[in-house]
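Trainee: I have a structure here, written as structure tokens, and I will follow up with some questions on it.
The values are calculated or read from the model by the stated rules, or taken from the named source; none is laboratory data. Predicted model only: the values in this text are computed from it and were never measured. Neighbour counts run over all protein chains shown; Cβ positions are idealised from the backbone, glycine included.
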Amino acid sequence: MDQHLLSAGDLTRDDALLVLDTAEEMRSLSDRPIKKLPTLRGRTVVNLFFEDSTRTRISFEVAAKRLSADVINFAAKGSSLSKGESLKDTALTLQAMGADAVVVRHHASGAPHRLAHCAWTSGSVVNAGDGTHEHPTQALLDAFTMRRHLGELEGRHVAVVGDVLHSRVARSNALLLGTLGARVTLVSPPTLLPVGIEGWPVEVSYDLDAVLPKVDAVMMLRVQAERMNRSNGRFFPSAREYSRRYGLDLRRMSLLPDHALVLHPGPMNRGMEITADVADAARSVIVEQVSNGVATRMAVLYLLLSGAAPTQAPDHVDGPA
Amino acid sequence: MPGVMQPAGSRVVLDDRDIARALTRISHEILERNRGAGDLLVLGIPRRGHPLARRLAARIADVEGSEVPVGSLDVTPYRDDLRLRPARALEHTDIPTTGVDGKTVVLVDDVLFSGRTIRAALDALNDLGRPRVVRLAVLVDRGHRELPIRADFVGKNLPTSPIEDVRVHLREVDGRDEVLIAGSAVARAVEG
């Protein structure tokens, strides 16, 4: 694997499968009396969150702690970031403190990329969500969750439904699922599709009822009201019309094949893109996604941090030890 | 071994029948030492320790007439050389539901060399529980220990030079049973 994880598109098929296989082993750790491995002892992971997050930050924190890394949480609120410190100065500070990995969430698309490709910090950078761009560990945990239920994802069909325009989850999922050989159909109102969607490895539909009977999994996206307000736009006439056409309710869920899963990256707007009874249904794996998030992030941190830095690694070391 | 091409410069030190005899002997030694199969748990260290553990457990079960729990224990996250090479893929860990507490755990590996793998395995076991006793069974002991660790049951003591390579091939992983010894340069060129 690369030194950083910035985009789900950077992962080769072999990389992605290595993360998923490693996550499978990490997952069994949660059944043990001591849920901890000594692997990253003495390494420091900084969670640098410029944007609010519950699930992702806690998930990364638990993952790093289970690998025995030291964790520093750095939230924008309550730090010098709220006094206007730049990304660069923050990064230099972290570098001075010896961060081996920086897990960064930022409201600006591309911020993790900037952090990784400058001389400000020498550690690994993990993108934990940047603006409307990407959220690769979410895509990995979604793929991990689907793989546990459906087997290999090659040839499987996944519908991603809702606010694709503002969704970093949708982009990362489209890229990763494409790499893994799955077929992806985006279902969304035309106003919530990003420009350039023709270049994505996906099909597009505006008709949810027609797509549902054909898929192995349906992933509902959160309607991101906060980003819609920021761009001062009206993307659909009313919430009620949106949920009528693109929300998942019990009637729509019954159109799915029996084995099909329902996913949601959270946080959910119950009653908007998904009804409460669907969210709590047996085929909904939304809670499982959260616990799989820890295993997946452990796998990512393990693979990025446990070995030698790529530049210092000898070409070939062999022999049993 | 007739009919099988050996890499140039390597020689077979144990063939399939030698391996079978060694495993049968070790299984009897384990039973003798433990006075039966009570509370036994056989844990193989991936990759090649695991098939060896399964074979030992099967032989013990044949003699005693009752199933012996067997599992695998990946020591990768506990290794002391993780930072010396690129990140490694994890192997599978599978601990029987009975757990390790109070058991007589027999660790099984193919080659005992520096002892560092076993050191890692003891740490891994420690995180899983508290066995009553831990013993070590290996197919080949090639010497050159770097830690104060020794095996309780040994298939074959093989005096080697540190630069030689000892390769264990097993049916389940490599398609045939044999132990090879080679000058490390030769073995490496062949493995590519």
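Trainee: Assess whether B:Thr24 counts as being surrounded by fewer than 23 Cβ atoms within 10 Å (Cβ to Cβ), without any contact (Cβ under 8 Å) to a residue 60 or more places away in the chain, of a type in the set (S, T, N, Q) and within 14 Å of chain A (Cβ to nearest Cβ).
Mentor: On the way: surrounded by fewer than 23 Cβ atoms within 10 Å (Cβ to Cβ): yes; without any contact (Cβ under 8 Å) to a residue 60 or more places away in the chain: yes; of a type in the set (S, T, N, Q): yes; within 14 Å of chain A (Cβ to nearest Cβ): no.
No.
Trainee: Based on what the data block shows, is B:Thr104 more than 9 Å from chain A (Cβ to nearest Cβ), free of Cβ contacts under 8 Å to residues at least 12 places away in the same chain and under 19 Å from B:Pro69 (Cα atoms)?
Mentor: no
Trainee: So, one more: Looking at the range A:163-196 only, could you name the residues that are in a helix (DSSP H, G or I), among the polar types (S, T, N, Q) and over 16 Å from the mean Cα position of the chain (by Cα)?
Mentor: Once the filter is applied, which keeps residues that are in a helix (DSSP H, G or I), among the polar types (S, T, N, Q) and over 16 Å from the mean Cα position of the chain (by Cα), the range A:163-196 yields only A:Thr191.
Trainee: Now for a different question. Please list, ordered by first then second residue, the pairs with beta carbon atoms under 7 Å, 6 or more apart or interchain, first in the range A:256-268 and surrounded by 17 or more Cβ atoms within 10 Å (Cβ to Cβ), second acidic (Asp, Glu) and at pLDDT 95 or above.
Mentor: These pairs meet every condition: A:Ala260/A:Asp216; A:Leu263/A:Asp142.
Trainee: Of the conditions (1) outside any loop (DSSP other than H, G, I, E, B); (2) over 30 Å from A:Thr22 (Cα atoms); (3) not polar (S, T, N, Q), B:Ala53 clears all except one; give me its number.
Mentor: Status for B:Ala53: all satisfied but (2).
Trainee: Pick from the range B:137-152 the residues that are under 25 Å from B:Arg11 (Cβ atoms) and touching a residue at least 40 places away in the same chain (Cβ under 8 Å): which of them is surrounded by the most Cβ atoms within 10 Å (Cβ to Cβ)?
Mentor: Here the residue is B:Leu139.
Trainee: Still on this structure: Identify all residues within the range A:1-12 that are assigned to a helix (DSSP H, G or I) and touching a Leu at 6+ places or on another chain (Cβ under 6 Å); write none if there are none.
Mentor: If we filter the range A:1-12 for residues that are assigned to a helix (DSSP H, G or I), which is where we start, we get A:8-10.
Passing the criteria: A:Ala8, A:Gly9.
Trainee: Right, here's the next one. If you scan the range A:7-58, which residues turn out to be within 20 Å of A:Gly307 (Cα to Cα), without any contact (Cβ under 8 Å) to a residue 60 or more places away in the chain and basic (Lys, Arg)?
Mentor: A:Lys36, A:Arg41
Trainee: Of all residues in the range A:71-107, count the ones that are of a type in the set (Gly, Ala, Ser) and without any contact (Cβ under 8 Å) to a residue 24 or more places away in the chain.
Mentor: Result for the range A:71-107: 7.
Trainee: Continuing with the same structure: Suppose we filter B:Val166, B:Val179, B:Val173 for residues that are modelled with pLDDT of 90 or more, closer than 17 Å to B:Arg17 by Cα and aliphatic (A, V, I, L, M); which single one remains?
Mentor: That would be B:Val179, the only listed residue that is modelled with pLDDT of 90 or more, closer than 17 Å to B:Arg17 by Cα and aliphatic (A, V, I, L, M).
Trainee: Going through A:Ala23, A:Ala99, A:Ala8, A:Ala91 one at a time, which residue ends up being within 14 Å of another protein chain (Cβ to nearest Cβ) and either surrounded by 20 or more Cβ atoms within 10 Å (Cβ to Cβ) or among the charged types (D, E, K, R) (or both)?
Mentor: A:Ala23
Trainee: Another one. Would you mind stating whether A:Val62 is away from chain B (no Cβ under 14 Å), out of contact with any Leu (no Cβ under 9 Å at 6 or more places or on another chain) and free of Cβ contacts under 8 Å to residues at least 40 places away in the same chain?
Mentor: Criteria not met by A:Val62.
Trainee: Considering only the range B:120-133, how many residues are under 16 Å from B:Gly49 (Cα atoms), more than 10 Å from chain A (Cβ to nearest Cβ) and buried (at least 19 other Cβ atoms within 10 Å of the Cβ)? First the steps, then the outcome.
Mentor: In the first step, residues of the range B:120-133 are kept if they are under 16 Å from B:Gly49 (Cα atoms); the result is B:120-122, B:124-125.
Those still in the list that are more than 10 Å from chain A (Cβ to nearest Cβ) too: B:121-122, B:125.
Narrowing further to those that are buried (at least 19 other Cβ atoms within 10 Å of the Cβ): B:121, B:125.
Residues in the range B:120-133 being under 16 Å from B:Gly49 (Cα atoms), more than 10 Å from chain A (Cβ to nearest Cβ) and buried (at least 19 other Cβ atoms within 10 Å of the Cβ): 2 in total.
Trainee: When you scan the range B:172-192, do you find a residue that is within 14 Å of chain A (Cβ to nearest Cβ) and in a loop (DSSP other than H, G, I, E, B), even just one?
Mentor: The answer is yes, given that some residue of the range B:172-192 is within 14 Å of chain A (Cβ to nearest Cβ) and in a loop (DSSP other than H, G, I, E, B).
Trainee: OK, next. Looking at the range A:290-321, which of the residues that are modelled with pLDDT of 70 or more and in contact with a Pro (Cβ under 7 Å, 6 or more places away or on another chain) is nearest to the other protein chains (Cβ to nearest Cβ)?
Mentor: A:Gly307
Trainee: Here is a further query. Please return the ranges of helices (runs of 4 or more DSSP H) entirely within the range A:13-99 where 2 or more residues are over 19 Å from B:Ala89 (Cα atoms).
Mentor: Of the helices (runs of 4 or more DSSP H) lying wholly inside the range A:13-99, those with at least 2 residues that are over 19 Å from B:Ala89 (Cα atoms) span A:55-66, A:87-96.
Trainee: Can you tell me which residue within the range A:26-49, out of those that are within 22 Å of the chain's Cα centre (by Cα) and surrounded by fewer than 22 Cβ atoms within 10 Å (Cβ to Cβ), is modelled with the lowest pLDDT?
Mentor: The residue in question is A:Ser30.
Trainee: Right, something else. Looking at the range A:139-150, can you tell me whether even one residue there is outside any helix (DSSP H, G or I) and out of contact with any Pro (no Cβ under 7 Å at 6 or more places or on another chain)?
Mentor: Within the range A:139-150, not a single residue is outside any helix (DSSP H, G or I) and out of contact with any Pro (no Cβ under 7 Å at 6 or more places or on another chain).
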